[in-house]
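Peer 1: This is the structure I have questions about; it appears just below.
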Amino acid sequence: MTPGGATLTVQIPGTVEAIRPATEQAEAWLSEQQVSFEAMYLASLAIEELVTNCIKYGYADANDHVVDIALCVEDGVLRIEVIDDGRPFNPLEAPAPDLSLPIEERPIGGLGLHLLRELADDLSYERRDGTNRLRIVKRM
Amino acid sequence: MDIAVSSGAGVPVLTLGGRFDGTAAAVFDREAAALESEAVHWAVDFSQVTYLSSLGIRSVMALEQRLKARGGGLVLADLSPMVRRVLHVSRLEGFLTIVPTLADAIEVARTSASMSPAAELTIGPCRARIRRVAGSESTLEWWGPGSSDSRAGASFGISTGDLGVAFGVGTLGEAGDASLPGRLISTPQFSATLGAESGAITDFIVGDASRVVPISVATAWALSGAPAALVELNGPSGCALLDALDGLYAAIEPSAAVLGFIVLAQTQGHQPGLFAVGIAFDPETARTRADSYRQLEAMPDQIALPSGRRLAGGAITLQARPAIDGASDLAGALRSAATLATLGGLVALTECAPATNAVVWVYAPTEIRSGAAKLLQVNVEGGGEWRPEWDGIVRHLYADCRSVTLTTLPGGFMSSTFKAVAYDQDGRRTLPSVVKIGPADVTRREVEANRHYISRFILNNGTTLLGDAEHGEWAGLRYNFLGVNGPDSRLTWLYDQYLHRPLPDVLSLFEQLFTRVLKPWYAQPKWEQVFLFRDHSPLRLFPELLAAAESTLGLSAESPEFECRELGARLPNPFYFLKHEYPRHAGESRLWYTSVCHGDLNLRNVLVDERDNLYVIDFSETRPRNVVSDFARLEPVLKFEMTRPESDDDLHHLVVFEEALMSVTALDQPPPFRYDGGDPMVARAHAGITLLRRYADRATLFETDLVPYWLAMLEWTYPAVCYRQLTLRQKRYAACSAALICRSILQLEGRA
């Protein structure tokens, strides 16, 4: 994260129950930063979709896990970083869903990542120190 | 998420509220499963849904599939722009029935539910399953020379939405374009024309563009309303279209003078699909009907059917096999079947390949009327800017009316505002309303702000957003003012009241505005961290501000001092302060009260009726921020915009007045009135400002810090240099004021 802009960092347990409070906290903070509704939406979507993905597929053991979320607003740009310690997963390489299929035939997870890819201006992925790090950029 | 289950006209209605995320999706699934209903057509009210994730989408689609399997489906109403965008990006719009309002949704669901069981019939080599729709009505509209006195001429520039499903002669784009009119087929989802010259290829407009690009119609026949029957045609060896339509006419309504057909078919031959629209009539019966039925004789390229009836229309080949199974919603079927990738070419009805499977919507028009007569008449009075594309926006906003007269309300920075008097289809005058037209992005922000901050809080002023419409880069809003004095309401800006009413009346309007209308915002402050310098920077809305200060007042942002000859004093240069001090303090936060604030409250976005009811509009900047923002924003309006320095002497008196205003040490301390000039508006400003500061003090409870108020005031003091309507002296006055505020901030923050 670039220093200088306003930042919010949140660490949440990798559980379904943690998602809602985290997205609400992020939206409340972003609303103070006066970001666009679309950026606010994207932040919630990123948190929900990525944490859900982690819970469903990411953890190879039954231990407690955490997900780190950082938001940074600077110069009309929202940067979102989501770091999890799940098994390696690069969302950028996930196959795009076949959008001509009826929804019930589409693979689970694909739609959320598709929305992220479509709504974000830039996505980058890095596997480092046993963690998945996804960075999302949204210009406002 | 809240889910309420109710019933409207026998249709189950799910009203959703809040975040439709994974947690809510689980609740939704449970509620939907528990809802015991015979009905298979449900309406879902999305108006209060603020967020929709992929898990929410899956739940909606799962329910849609379940209902579809039972022959029904969901009708979604009132989606926010963001939710719509998410469904669009997910390519799901085509799989869902989406309508503007809950009332529409209930109507669509009710109509779908009232279809009778299918009757089977054989027409030549084909089987037809006919389901009649009870209580449906439709109209045949014709467009052509002489169909309207006010809009007479060679062609009509209208939108695909106004036209409905139609065939005829016309061109895409505004009339007057170079292209010659050719054969035309149009639906609300797409339009196509084929020029008359040999070798011409079909031109299309599809999807969103079809709402924006007008069509010039020379003549056209259009179907509107609801179909009387839905037919599934099936013939493995192929059904000839003309024979099938002739057979359906005899089977469904043999005594009708005219029937309309819309066909979506899977066909034999090298093009796998077909869309067709046709009007068939019985010349003998038509002659016994009203004069308007003579128009049928004028339809181009008529085909004689075996029964002696006549048929006119046109078709478009499709390069992909359209989905036919269970199609009942025409708009949805067209959205998925007719895209830029699938639309082939325009062909005559006689050239259509035989259909193996088809769905036919059969219309039994009860009336033939001129299409132009239904077009909303838009009259604009009072001068001001008017663009031709705004006609379309107003027609969309007042689709329920026959005529609307707009009177310009002067003022408005980004948008134009009009008072609207509209008459419904029966000529009854409706409640007065206000129309605002501006750039699409500003308007979209206002719609979102309305959902988040206004409709749920500010009810007591009775302002309701009735609708919004987009046309290219422009968008418009229609506000209604409820519960007031009916059609005779006379609306004026608070600006006019401030200028012309006795002072006690004006103060009482201020009191009503802040302590009653907007109280639900300011009376619920939150105590939290705010970044005042960043939040109150005027450069966000006025990025050219520093350049304007230099060019109009000759004040450079590079010199730290400002020579205030009006006071004979050296003051901090406010523009230096803005350029250099604001960024340095952008990261500083303090604990302070925040509340929802209007963001640009001024005398020209509050309307007053003759009974002193107030109506606040223009919410594109509304959001939670420093609780005193709105009070502090009005102060510069009263000082710089409502007074008139005519000479340097006047200016001097005003700056002295300003210095006294800035001499207080607390907001609840009435500022001394020091003014020797002759402008009566200055005493008025003083009284108003005293009141505003008292309210601001009340909103901040026990706080004594003046800096948040001064910074909020500066945010709207600086931009005066950019206002075109202000004189140089007024701008100079604002600059002196800004310098005095900066001095006070530096003193209070211990930096001077």
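Peer 1: Pop the C-beta distance of B:ALA304 and B:ASP400 into the FRET formula with R0 = 60 Å and round what comes out to the nearest 0.05.
Peer 2: FRET efficiency, B:ALA304 to B:ASP400: 0.90.
Peer 1: Which three numbers, in whole Å and largest first, are the semi-axes of the equivalent ellipsoid of segment B:1-94 derived from its Cα gyration tensor as √(5λ)?
Peer 2: After diagonalising the Cα gyration tensor, the semi-axes are 19, 14, 13 Å.
Peer 1: Between A:ARG117 and B:LEU728, how high is the FRET efficiency from 1/(1 + (r/R0)^6) when r is the Cβ-Cβ distance and R₀ = 60 Å? Nearest 0.05.
Peer 2: 0.70
Peer 1: Sticking with this structure for a sec: Over chain B, what is the relative contact order in percent, taking alpha-carbon pairs closer than 8 angstrom and at least six residues apart?
Peer 2: Here the relative contact order equals 8 percent.
Peer 1: Let me ask something else. If the cut-off is a Cα-Cα distance under 14 Å, which aspartates and glutamates reach B:LYS579, setting aside same-chain residues fewer than 8 apart in sequence?
Peer 2: Qualifying aspartates and glutamates at Cα under 14 Å: B:GLU544, B:GLU550, B:GLU558, B:GLU561, B:GLU715.
Peer 1: So how do B:TRP386, B:TRP716 line up by other beta-carbon neighbours within 10 Å, fewest first?
Peer 2: Ascending Cβ contact count within 10 Å gives the list B:TRP386, B:TRP716.
Peer 1: Using only Cα atoms, what is the ratio of the radius of gyration of chain B to 2.2 N^0.38 Å?
Peer 2: Compactness ratio reported: 1.16.
Peer 1: Let me ask another. Highest GNM mean-square fluctuation, chain A, Cα pairs closer than 10 Å: which of A:SER44, A:SER36, A:SER100?
Peer 2: Judging by the Gaussian network model, the answer is A:SER100.
Peer 1: For segment B:645-691 and segment B:24-72, what is the centre-to-centre distance using only Cα atoms, to the nearest Å?
Peer 2: If we compute the Cα centre of each part, the gap is 61 Å.
Peer 1: Given the DSSP H assignment, sum -39500 (n - 2.57) over each helix run of at least 4 residues in chain B and divide by its residue total; what's the result at 222 nm in deg cm²/dmol, nearest 500?
Peer 2: -8500 deg cm²/dmol
Peer 1: Report, as an integer, the average count of C-beta atoms from other chains found within 10 Å of each Cβ along B:447-457.
Peer 2: 1
Peer 1: Need the full-extension length gain, B:THR285 to B:ARG66, defined as separation in residues times 0.36 nm minus the C-alpha distance. One decimal, nm.
Peer 2: Taking B:THR285 through B:ARG66 to full extension adds about 74.3 nm, to one decimal.
Peer 1: Which of A:PHE89, A:PHE37, B:PHE457 has the fewest other C-beta atoms within 10 Å, and how do the rest follow up to the most?
Peer 2: Starting with the residue having the fewest Cβ neighbours, the order is B:PHE457, A:PHE89, A:PHE37.
Peer 1: Need one number: nm distance between label points at A:GLU93 and B:VAL89, each 7 Å from Cα along Cα→Cβ, rounded to one decimal.
Peer 2: In this crude label model, A:GLU93 to B:VAL89 measures out at 2.4 nm.
Peer 1: Rounded to the nearest 0.05, what FRET efficiency do B:ARG698 and B:GLU749 give with R0 = 25 Å and r taken as the Cβ-Cβ distance? Could you check?
Peer 2: Efficiency, rounded to the nearest 0.05: 0.55.
Peer 1: Which of the cysteines in chain B are isolated, no other cysteine C-beta under 4.7 Å?
Peer 2: By the Cβ distance rule, which asks for a partner under 4.7 Å, the isolated cysteines are B:CYS352, B:CYS401, B:CYS564, B:CYS597, B:CYS722, B:CYS736, B:CYS742.
Peer 1: Still on this structure, I have one more. Could you put B:ILE279, B:ILE454 in order, starting from the residue whose Cβ has the fewest other Cβ atoms within 10 Å?
Peer 2: B:ILE454, B:ILE279
Peer 1: Let me ask another. What spacing in nm lies between the two simple spin-label points modelled at A:GLU74 and B:ARG516, each 7 Å away from Cα in the Cβ direction?
Peer 2: Placing both labels 7 Å beyond Cα along the Cβ direction yields 5.0 nm.
Peer 1: In nm, to one decimal, how far is the B:ARG674 label point from the B:LEU35 one, both placed 7 Å along Cα→Cβ?
Peer 2: In this crude spin-label approximation the distance works out to 6.8 nm.
Peer 1: How high is the relative contact order of segment B:2-113, given as a whole-number percent (alpha carbon pairs under 8 Å, six or more residues apart)?
Peer 2: Taking the mean separation of contacting Cα pairs over the length of segment B:2-113, I get 29 percent.
Peer 1: Oh, and also: Restricting to Cα pairs below 8 Å that are 6+ residues apart, what does the relative contact order work out to for segment B:494-746? Please round to a whole percent.
Peer 2: Reported relative contact order: 25 percent.
Bear in mind these aren't lab numbers, they're just calculated from the coordinates by the rules spelled out. Please read these numbers as outputs of a predicted model, since none were measured by experiment. Glycine also receives a Cβ, built like all others from the backbone with ideal geometry; neighbour counts cover every protein chain displayed.
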